[in-house]
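Read-outs: derived from the displayed coordinates by stated rules, not from any lab. All figures in this text were calculated on a predicted structure; none of them were measured in a lab. Ideal geometry is used to build each Cβ from the backbone, glycine not excepted, and the neighbour counts take in all protein chains shown.
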Amino acid sequence: MERERKFILEAIELSRQGMLNNDGGPFGCIVVKGDAIVGRGNNRVTSTNDPTAHAEVVAIRDACKNLGTFQLDDCEIYTSCEPCPMCMGAIYWARPKKVYYANTRSDAAAIGFDDSLIYDELVLPLDQRKIIIECIGRDAAIKVFEEWNSKTDKVEY
């Protein structure tokens, strides 16, 4: 576990540096392949006015750019806090083999980063959610899906 401890401490240090630089909240993340760090990120939500600029998303984007791929097969993610629902979605799309985290979602909630609303909303039917979600234009949109389905030169993911 010495290897893993070294990498989680690196993610934690990124969280500290981002916080001290006023980049955003106290969250840091690295992506590791083998014994090399291939991606780094810290929360940059407030400094970039981007609500998706969470540490995990920034690190995944950096790793994918550095590796020249859209999937992180054979990679591990080390993050200073249990990933939020958005970051978990990004992690699942990136397909790393393992995620290590330090602080828990309860620890994050205790300092003002409470994702319980999102977790609660995701299990509700669409018509019961706080943000209205309505399906329109499906008759036109489905045609594009049909075109994708028959496209012979697509890159599947």
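Some points to look at:
- Looking at region 9-95, the chymotrypsin sites (Phe, Trp or Tyr not before Pro) that sit in a DSSP loop and have at most 13 other Cβ atoms within 10 Å of their own Cβ are PHE70.
- Highest to lowest packing among 110-120, 10-20, scored as the average C-beta count within 10 Å: 10-20, 110-120
- Nonlocal amide H pairs with GLY39, under 5 Å, H built at 1.01 Å: VAL31
- Scalar couplings 3J(HN,Hα) for region 28-38, obtained by applying the Karplus form with A = 6.51, B = -1.76, C = 1.60 to θ = phi - 60°, are x, 8, 10, 10, 10, 10, x, 10, 10, 7, 10 Hz; x denotes Gly and Pro.
- For region 6-124, a Kirkwood hydrodynamic radius built from all Cα pairs, placed in the Stokes-Einstein relation at 37 °C and 0.692 mPa s, yields a translational diffusion coefficient of 234 µm²/s.
- In order along region 48-60, the Karplus-derived 3J(HN,Hα) couplings, from 6.51 cos²θ - 1.76 cosθ + 1.60 at θ = phi - 60°, round to 10, 6, 10, x, 9, 7, 6, 3, 5, 5, 4, 5, 5 Hz, and Gly and Pro are given as x.
- Charge context of ALA53, other residues only, Cβ under 14 angstrom, K/R +1, D/E -1: -1
- Cut-off under 5 Å, modelled amide H: who pairs with TYR100 long-range: ILE77, TYR78, THR79
- GluC sites (Glu not before Pro) restricted to region 46-149 and DSSP loop, no more than 13 other C-beta within 10 Å: GLU134
- Take the Cα of ASN49, step 7 Å toward its Cβ, do the same at ASN66, and the gap between the two points is 2.9 nm.
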